[in-house]
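To start, the structure itself, in structure tokens.
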Amino acid sequence: MANWVVVGSGALGTLWALGLQQAGASVTIYSRHVEDSDGITLTRTFDDHKYSADFPVITTSTNAPDNAIWLLMVKAWQLAPLLKELQLDVNTPLIVSHNGMGAADDILQTQTPGTVFDLVTTHGAWRQQRTHSYHAGLGQSWIGARHSVTENTTPDNANASNNIDAHSQPVDRIPTWFDELAAALPPLHWQPNITEKRWEKLAINCAINPLATLAEAANGVLRDESYAPNLRAICEEIANVNTALDADELLEQVREVIRNTAGNRCSMLQDVDAKRRTEIDYLNGFICREGERLLVATRENCRLWEAIQARERAYE
Ligand code: KPL
């Protein structure tokens, strides 16, 4: 069994930590909260069943167990400061899971190739309290090794293309710890081309999160026909930015997620309600910046980026 360190005991971090421990793995939580320093109790509620377990806490990465695998379940904007704080060895396996793209790419590029893994999940969970997660919807997850995504998308790259998969080499070697992670929160699929999944999830979040947040309503509000032009424009712009994608397929996936999560208040709306920073800069903001770089029009994504930023500026 591997040694796992989970960072971010938010809604999803809690689910993975509890699942890994239940699967028999050794799990440590990294936390900078003073009240956690002697240990932490995490709780999951699913279908009226409540389950709690205790975890040891480390407050500095130097106290991490040997050969630990780090599961970084933090928001996109927290990732770069976290990695700077942790100062982990470049050979440390890092699993990254957040909404959006472009977070800490420059830092993650300095890791030894094959040590950064992206985890994409459709499980729905809310934080009932800081250490209590409500598992609202069963989903599935995909994990794969990150490959040269940003080599094609950095402004310095003279051969920059808007087909993000054009030059990247999927990594197929499944890590030894995969089964352990898969047992924690099934089903988890090994995805050699995780970049494709990340873009699909990006499109889902770019479409649902800002529109539902501006509507101040659960995702199901977007079934209203009046949102059809916005949803289509978002998907078309994303498919123009990344020509490996098909706008109709993205739109179909977006509509399916809207149907399946109709009763959910999306993570961005939860952030805005709590006056927290949202992940908009890594969602529609990312698309808007990519559009500018590639000279592709992304008006609707840029409009939504601006509108959510305005909401954030209005926090008291
Ligand atoms: O990932 C989500 C989020 O809220 O961030 C969706 C899929 C939109 C579900 O609410």
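Counting DSSP beta bridges with both partners in the chain, what percentage is antiparallel, nearest 5?
Details: 17 of 40 bridges.
Antiparallel bridges: around 45 percent, rounded to the nearest 5.
Given 4 °C and 1.567 mPa s, how large is the Stokes-Einstein diffusion coefficient of the chain in µm²/s, with Rh as the Kirkwood radius over Cα pairs?
Working: Rh = 20.1 Å.
My calculation gives 65 µm²/s for D.
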- Note on the structure: Here FRET efficiency (C-beta to C-beta, Tyr51 to Glu216, R₀ 45 Å, nearest 0.05) is 0.90
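Any chance you could run the full-extension gain for Met1 through Glu252? It's 0.36 nm times the residue separation minus the Cα-Cα distance, nm to one decimal. Display every interim value, and only then the final one.
Values: separation 251, 0.36 × 251 = 90.36 nm, distance 3.99 nm.
Taking Met1 through Glu252 to full extension adds about 86.4 nm, to one decimal.
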- Query: Do you know the Lys pair count in the chain for C-alpha distances under 21 Å, with sequence separation 8 or more or different chains?
  - Reply: 4
- Query: Just how far, in whole angstrom, is region 269-316 from region 180-222 if you go by their alpha carbon centroids?
  - Reply: 17
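Name the longest site-free stretch of the chain, where the excluded sites are trypsin sites (Lys or Arg not before Pro) in a DSSP loop with no more than 11 other beta-carbon atoms within 10 Å. Don't skip to the answer; put the middle values down first.
Numbers: sites that count: Arg173, Lys275.
Maximal segment without exposed cleavage sites: 1-172.
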- Query: Once you measure Cβ to Cβ distances between cysteines in the chain, which Cys have no partner under 4.7 Å?
  - Reply: Cys206, Cys235, Cys266
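Only Lys, Arg, Asp and Glu count, each charged at its Cβ (+1, +1, -1, -1), so figure out the dipole size of region 1-150 about its Cα centre, rounded to 20 debye.
On the way: 8 positive and 12 negative charges, 53 e Å.
Once rounded to the nearest 20, the dipole reads 260 debye.
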- Ranked list, fewest to most other Cβ atoms within 10 Å of each Cβ, for Trp177, Trp4: Trp177, Trp4
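With viscosity set to 1.567 mPa s at 4 °C, what whole-number translational diffusion coefficient in µm²/s follows for region 1-151 from Stokes-Einstein and a Kirkwood radius over Cα pairs?
Working: Rh = 15.8 Å.
Translational diffusion coefficient: 82 µm²/s.
Efficiency by 1/(1 + (r/R0)^6): what FRET value for Ala262 and His33, r their Cβ-Cβ distance, R0 = 41 Å, to the nearest 0.05?
0.75
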- Note on the structure: Kirkwood Rh for region 198-315 from C-alpha pairs, in Å, is 13.9
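No lab work stands behind these numbers, since they all come straight from the coordinates. Being a predicted model, the structure only gives us computed values, none of them experimental. Neighbour counts run over all protein chains shown; Cβ positions are idealised from the backbone, glycine included.
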